[in-house]
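Notes to accompany the following structure.
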Amino acid sequence: MDNRYIGVFDSGLGGLTVVKQLMESMPDENIVYFGDTGRVPYGTRSNDTIIKYVRGDIRFLNTFDIKMIIVACGTASAVALPIIKDENETQIIGVVEPTVKAALSATGNGNIGVIGTNSTIRSGAYEKLIGANPDVHIFSVPCPLFVPLVENGHTNSKAAYLIAREYLEPMVSANIDTLILGCTHYPLLKDIISDIMGDKVKLIEPGIQTAAYVKELLDSKNALSECKNNQQYLYYVSDDVDSFIRLGGLFLQKQICGQVSRIDIERY
Ligand code: DGL
């Protein structure tokens with residue numbers, strides 16, 4: 001048993017789709033979340049800037065009594081995690097490995113699609129992890145307008161549908177049977193994505209797969225929490241608290257309950 005916090009961070013709100021799945025699959029865990037709402041988006045920035053931000057995010061989470069860190073951001077997982085993962089004593093898990101693992105076991109024809117931010121797709125992180133495998137073909141497409149659409153409440157609108165159709169057209173032509181949602185904002189668009197791709201294409205969600213991966217890992221180390229009905233949820237942001245509380249409910253699909261505080265992330 002290990003009742004220490006799981007530290008989770010994202011560039012802003014998207015990581016709450018991972019927190020939602022953590023809460024559902026491991027309701028006894030204590031969670032401390034950092035959303036870098038003052039510096040979002042990460043997905044349009046250079047690798048150097050993303051790595052610098054991620055180092056600061058990790059230094060902040062390391063000020064808590066944590067047992068592991070989850071990088072609940074596709075961009076930070078793809079760009080920064082391969083560089084910084086050995087800089088820390090705390091175990092750090094990103095969303096790339098769990099989703100790749102799930103996609104490889106879900107695919108029948110070996111054609112796997114990946115969508116994500118510009119930086120995520122440019123990193124080639126998914127291709128690198130899968131490695132040379134003659135039976136698997138990766139088709140990746142950046143969808144840079146998905147994050148602003150979601151953040152502005154366009155999760156089911158005509159505009160979102162039209163943009164998604166344009167982005168996903170190459171995936172439909174590539175005959176993929178599995179699609180990795182490589183950004184933690186994208187589960188909010190899954191109805192539209194699924195409508196365009198058709199119900200034969202399996203969608204691999206970062207939150208669901210990462211929560212399952214973490215649960216298995218903690219269980220294997222006998223490190224699950226046993227805080228029955230006494231879980232603590234702490235949220236920290238680098239910008240306005242009220243808008244995080246208001247918009248965060250959309251991502252968490254329930255009201256944010258727990259303390260929300262603002263910090264100056266530039267100090268870390
Ligand atoms: N949640 C981030 C991700 O998963 C997207 C937002 C951003 O660009 O920072 O990639």
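The values are calculated or read from the model by the stated rules, or taken from the named source; none is laboratory data. A quick note: this is a predicted structure, and the numbers were derived from the prediction, not measured. Cβ atoms come from the backbone with ideal geometry, glycine included; neighbour counts cover every protein chain shown. Keep in mind that these areas ignore ligands, DNA and RNA; they rest on the heavy atoms of the full protein, side chains included. Shrake-Rupley method; radii C 1.70, N 1.55, O 1.52, S 1.80 Å.
The residues of the stretch 139-228 expose on average 48 square angstrom of accessible surface per residue, using a 1.4 Å probe on protein heavy atoms. Across the stretch 42-51, computed HN-Hα scalar couplings (Karplus, 6.51 cos²θ - 1.76 cosθ + 1.60, θ = phi - 60°) run 8, x, 10, 9, 6, 4, 4, 5, 4, 5 Hz from first to last residue, x flagging Gly and Pro. Computed in the context of the full set of protein chains, the accessible area of the stretch 1-91 at 1.4 Å probe radius has 45% of its extent on carbon or sulfur.
Applying 0.36 nm per residue to the separation of Lys228 and Ser25 and subtracting their alpha-carbon distance, the gain on full extension is 71.7 nm. Across the stretch 1-104, the relative contact order, built from alpha-carbon pairs under 8 Å that are at least six residues apart, equals 33 percent. For the stretch 75-159, the list of GluC sites (Glu not before Pro) that fall in a loop by DSSP and count at most 15 other C-beta atoms within 10 angstrom reads Glu89.
Calculated accessible area for the stretch 1-126 comes out at 32 Å² per residue, all protein chains present (probe 1.4 Å; ligands, DNA, RNA ignored). Multiplying the residue separation of Glu216 and Asp195 by 0.36 nm and subtracting their alpha-carbon distance yields 4.4 nm. Would you please name the trypsin sites (Lys or Arg not before Pro) within the stretch 159-268 that are DSSP coil residues with at most 13 other C-beta atoms within 10 Å of their C-beta? Loop-located and lightly packed - Lys200, Lys221, Lys228, Lys254. Projecting the Cα atoms of Ser220, Ala72, Tyr5 onto the dipole axis of the chain, where Lys and Arg carry +1 and Asp and Glu carry -1 at the beta carbon, places Ala72 farthest toward the positive end. When you filter the GluC sites (Glu not before Pro) in the stretch 181-268 for DSSP loop state and at most 13 other Cβ atoms inside 10 Å of their Cβ, you are left with Glu226. Report note on the peptides 101-113, 29-41: ranked by the mean count of other C-beta atoms within 10 Å, highest first, their order is 29-41, 101-113. Across the stretch 130-222, the relative contact order, built from alpha-carbon pairs under 8 Å that are at least six residues apart, equals 27 percent.
Computed from the C-beta positions of Ala106 and Asn175, the FRET efficiency with R₀ = 25 Å rounds to 0.95. Look at the dipole of the chain built from charges on Cβ: of Ile115, Pro148, Ile204, the Cα furthest out on the positive end belongs to Pro148. Given the options Ser194, Ser225, Ser173, which has the most mean-square fluctuation in a GNM of the chain, springs set between C-alpha atoms less than 10 angstrom apart? Between Ser194, Ser225, Ser173, it is Ser173 that shows the largest mean-square fluctuation.
Shown for the stretch 136-220: the carbon plus sulfur share of the solvent-accessible area, taken with all protein chains present and a 1.4 angstrom probe, equals 51%.
Calculated mean residue ellipticity at 222 nm for the chain: -12500 deg cm²/dmol, from DSSP H runs with n ≥ 4 weighted as -39500 (n - 2.57), summed, divided by the residue count and rounded to 500. The GNM of the chain, with springs linking C-alpha atoms under 10 angstrom apart, assigns the highest mean-square fluctuation among Ser243, Ser77, Ser140 to Ser243.
How would you classify the stretch 147-268 from its alpha-carbon gyration tensor, with a ≥ b ≥ c the square roots of the eigenvalues: rounded for a/c under 1.5, else prolate if a/b is greater than b/c, otherwise oblate? The shape class here is oblate. Both radii come from the Cα set of the chain: Rg as radius of gyration, Rh as Kirkwood radius; their ratio Rg/Rh reads 0.95.
Here the stretch 44-164 is treated as a Stokes sphere of Kirkwood radius computed over C-alpha pairs; at 4 °C and 1.567 mPa s its diffusion coefficient rounds to 81 µm²/s.
Simple point charges give the picture: +1 on the Cβ of Lys and Arg, -1 on the Cβ of Asp and Glu, and for the stretch 44-168 a dipole about the Cα centre of about 220 debye. The slack between Asp48 and Asp264, meaning 0.36 nm per residue of separation minus the straight C-alpha distance, is 75.7 nm.
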